[in-house]
Amino acid sequence: MQYTEIMVRYGELSTKGKNRKGFIDRLGSNVRKALHEFETVKIQANRDRLHVSLNGADSDAVMTRLKMVFGIQNFSPSIKVARTFEATAQTAEQMVREQLKPKMTFKVNTRRSDHEFPIDTNEMNTRLGGYILDQFPELTVDVHHPDLTIRVEIRGNGIFLTSEVVQGAGGLPVGTGGKGMLMLSGGIDSPVAGYLGMKRGVSMEMVHFFSPPYTSQQALAKAKELTGKLARYSGSIQFLQVPFTEIQETIKEKVPEGYLMTVQRRLMLRLTAALAIKRHGLAIFNGESLGQVASQTMESMLAINDVTTMPILRPVVSLDKTEIIKIAKDIDTYELSILPFEDCCTIFAPPSPKTKPNLERTRLYEARLDIDGLMQRALDGVQVSEIKAGEDFLNQQEDVFAELL
Ligand code: ATP
Ligand code: MG
């Protein structure tokens, strides 16, 4: 069917009282960003619904994008007809015909926002239901559990019909929850943590530590490409790359092997907290899951968290690896995450890190380092770039390699 508009129903934001307007405005601008490539599309974010007028744009392509916008409960592709019973009946008939199955049940569900219109909801339900029964005598009406619901909405500018409800992404509009800093590795867990944070309305910046020449350009490109995947949920994302080589080399030299990892993590956290303060972030997100590896015991968390009072949110803390992988596959980050480019932690990981580091000892070992100097130099080397939805970095790498060959 040639749809004319997508009618979008809000999710949880409808319960937000006074803030409602802010939520709706934000959702409107997020939808606009998500659909910016469709030049003919017009978006109107009203109090109770958001309307996407297609003006000829491909409805399937638009709906694929809409499915990624948080704050949408569901939406319905609709057809606009003239404000007459005849036009409504004709389109309803066509809708039924396209979805006709043996022994099908149906109902008509009318909503009238224009009370001037002479046919009221009840009358439209019965008249249109009767008309459909006349055309398809094999159908029956079932008002409780119909196989097909024809929804009719009578508005001032036309009558809109739909028979489909498509599930949206749920959550809250990105940006309504403030800014968070995601510690993004190239692994499976942190992109999932980022996705889950964004789902609750957080506008996320990525903080990625890399250690050239120990880590490759490909590892960096992979982290950027993962960012591009996550940016599909928000339009674009700021990517902060933090040079970590000097810190890792110094720690390796000065700290006993069992504590390498704990002290490295403390430095990562100190740097992320410093960046958060500078860039007005309110919390740090990471991909830690309890008990998964040595750095993810509660003892480790205690010894690492010690360096900041900023909230550290761990969206995947209690998920099993299989559950995290399932989400990673759903959001299409899994295949990228399993590419074998070593990141800075794997390279400097001791063979047997302490799973229960002692806090006092951690502090003592860390005191051997010139923390301020190390941090200052790392922060001076931070590079910020804006990454757009679906941007490609690994293929660009191949092109570079091809040129070299
Ligand atoms: P992931 O799959 O997210 O890499 P992981 O199970 O491999 O997680 P760790 O390597 O212990 O776990 O890392 C724990 C968390 O520390 C990661 O989820 C991420 O948030 C952060 N982290 C690890 N390495 C980096 C890095 N190079 N840059 C930024 N953050 C990192
Ligand atoms: Mg990792």
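The values are calculated or read from the model by the stated rules, or taken from the named source; none is laboratory data. These numbers were taken from a predicted model, which means no experiment stands behind them. Every residue, glycine as well, gets a Cβ built from its backbone with ideal geometry; the counts of neighbours run over all protein chains shown. Surface accessibility is based on the protein's heavy atoms, side chains included, excluding ligands, DNA and RNA. Shrake-Rupley method; radii C 1.70, N 1.55, O 1.52, S 1.80 Å.
Miscellaneous remarks
- Residue ranking by accessible heavy-atom surface, 1.4 Å probe, largest first, among 249, 39, 205 comes out as 39, 249, 205.
- Rounded Å value of the spacing that divides the Cα centres of region 232-271 and region 143-183: 42 Å
- Contour excess over end-to-end distance, with Cα ends at residue 2 and residue 302 and 0.36 nm allotted per residue: 102.2 nm
- Solvent-accessible ranking of 58, 189, 372, largest area first, probe 1.4 Å: 372, 58, 189
- Shape annotation for region 179-403: C-alpha extents along the principal axes are 44, 41, 34 Å, from largest to smallest.
- Mean separation of Cα contacts under 8 Å, 6 or more apart, over the residue count of region 245-300: relative contact order %: 23 percent
- Of all DSSP beta bridges confined to region 5-167, the antiparallel ones make up roughly 75%.
- Our helix-only sum for the chain, with -39,500 (n - 2.57) per DSSP H run of n ≥ 4 divided by its residues, gives a mean residue ellipticity at 222 nm of -12000 deg cm²/dmol.
- For q = 0.10, 0.11, 0.13 Å⁻¹, Debye-computed log10 I/I(0) when each Cα of the chain counts as one equal scatterer: -0.76, -0.85, -1.04
- Using only the C-alpha atoms, the convex hull of region 5-167 corresponds to 123 Å³ per residue.
- Taking GluC sites (Glu not before Pro) across region 295-378, the ones in a DSSP loop with at most 15 further Cβ atoms lying within 10 angstrom of their Cβ are 342.
- Estimated distance in nm for a label pair at residue 68 and residue 98, the labels positioned 7 Å out from Cα along Cα-to-Cβ: 2.5 nm
- Between region 57-125 and region 320-352, the Cα center-to-center distance that results, in Å: 44 Å
- Split the chain at each of the trypsin sites (Lys or Arg not before Pro) in a DSSP loop with at most 11 other beta carbon atoms within 10 Å, and the longest piece is 104-405.
- Length gained on full extension, residue 249 to residue 323: 23.1 nm, using 0.36 nm per residue less the C-alpha separation.
- Relative contact order [Cα under 8 Å, 6+ residues apart], the chain, whole percent: 17 percent
- Heavy-atom accessible area per residue - the chain, 1.4 Å, Å²: 48 Å²
- Here the extension length gained between residue 12 and residue 141 equals 43.3 nm, from 0.36 nm per residue of separation less the Cα-Cα distance.
- Overall, the accessible surface of the chain at a probe of 1.4 angstrom is composed of carbon and sulfur to the extent of 50 percent.
- Taking region 179-403 and dividing mean pair separation by its residue count, relative contact order in percent (alpha carbons under 8 Å, at least six apart): 35 percent
- Ordered from largest to smallest accessible area (heavy atoms of protein chains, 1.4 Å probe), the residues 210, 70 come out as 210, 70.
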